[in-house]
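**Q** First the structure, which I've put down as structure tokens, then a few questions once you've had a look.
The values are calculated or read from the model by the stated rules, or taken from the named source; none is laboratory data. Just so it is clear, the structure is predicted and the values come from calculations on it, not from any experiment. All Cβ positions, glycine included, derive from the backbone under ideal geometry; neighbour counts span all protein chains shown. These area figures cover heavy atoms from the full protein model, side chains too; ligands, DNA and RNA do not enter into them. Shrake-Rupley method; radii C 1.70, N 1.55, O 1.52, S 1.80 Å.
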Amino acid sequence: MDYFEESDTNPKCKSPVVSCKTPILHCSVSNEMVRFIQDDNEGVVTIRLKINESHEFRDVEIMINCPEVDERLSRLIQQINQMMFSIHGKKDGNTYPIISDELLYIESVNDTTFLYTDREVFESDKKLYEFEEQLVNTRFLRISKNFIVNTSKIENVKALINGRFEASLSNGEKVIVNRHYVKSFRKHFLG
């Protein structure tokens, strides 16, 4: 196991790094947050978040060291994946990048795909199934034949009489989860 070398300016920089082949000699800033979470099966789980900020880095690297990927960690990974790419939408003849985390939902109407954020609506040339493939392992989920929703934007869910669900989004809109998609919605969103 390699270690960061201790910095003269910041003694907190000494941290184990499992996948590093050579030691990193200097770390200009190190922030660390430790959180203890009660796990019903194992007792207390310690989660450490370490941020090393330096102009020497050109890329951002996220490394997760864990005994296993549980449901809580899986959701965190989905959120990270979701934030790492953008989708392009068109409006008024211009093409704009849209950070996927800003999307509320994607809807297909009469062979046209629309991308909805809190403030704007964009069009896309992509089909809904192409977005579904692109957004795999994120918080996006297909909930009907013509609808993909960002589950991180759902504030609450209500079961309806006919086996469907009604989900209320952060902007106040309500969307329906059709019966065919309820099983995957329960697994993905409700756990």
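**Q** Which strands (runs of 3 or more DSSP E) does region 75-180 wholly contain that include 1 or more residues that are out of contact with any Cys (no Cβ under 9 Å at 6 or more places or on another chain), closer than 30 Å to D59 by Cβ and of a type outside the set (V, I, T)?
**A** Correct list: 86-91, 94-99, 112-116, 121-124, 140-144, 147-150.
**Q** Can you confirm whether E123 is open to solvent by less than 80 Å² (accessible area, probe 1.4 Å), of a type in the set (D, E) and either at pLDDT 95 or above or within 25 Å of N94 (Cβ to Cβ) (or both)?
**A** Criteria not met by E123.
**Q** Among the residues of region 15-37, is any at pLDDT below 50 and touching a Lys or Arg at 6+ places or on another chain (Cβ under 6 Å)?
**A** Among the residues of region 15-37, at least one is at pLDDT below 50 and touching a Lys or Arg at 6+ places or on another chain (Cβ under 6 Å), which makes the answer yes.
**Q** For region 132-147, give me each residue that is of a type in the set (A, V, I, L, M, F, W, C) and either open to solvent by 10 Å² or more (accessible area, probe 1.4 Å) or within 15 Å of the chain's Cα centre (by Cα) (or both).
**A** If the condition is that a residue be of a type in the set (A, V, I, L, M, F, W, C) and either open to solvent by 10 Å² or more (accessible area, probe 1.4 Å) or within 15 Å of the chain's Cα centre (by Cα) (or both), then L135, V136, F140, L141, F147 are the ones that fit.
**Q** If you check F114 against the conditions, is it closer than 16 Å to H188 by Cα, at pLDDT 95 or above and of a type in the set (F, W, Y)?
**A** Answer is no for this residue.
**Q** So which residues in region 55-76 are open to solvent by 90 Å² or more (accessible area, probe 1.4 Å), more than 24 Å from F189 (Cα to Cα) and either in contact (Cβ under 8 Å) with a residue 12 or more places away in the chain or in contact with a helix residue (DSSP H, G or I) (Cβ under 6 Å, 6 or more places away or on another chain) (or both)?
**A** Selection gives H55, E56, I62, N65.
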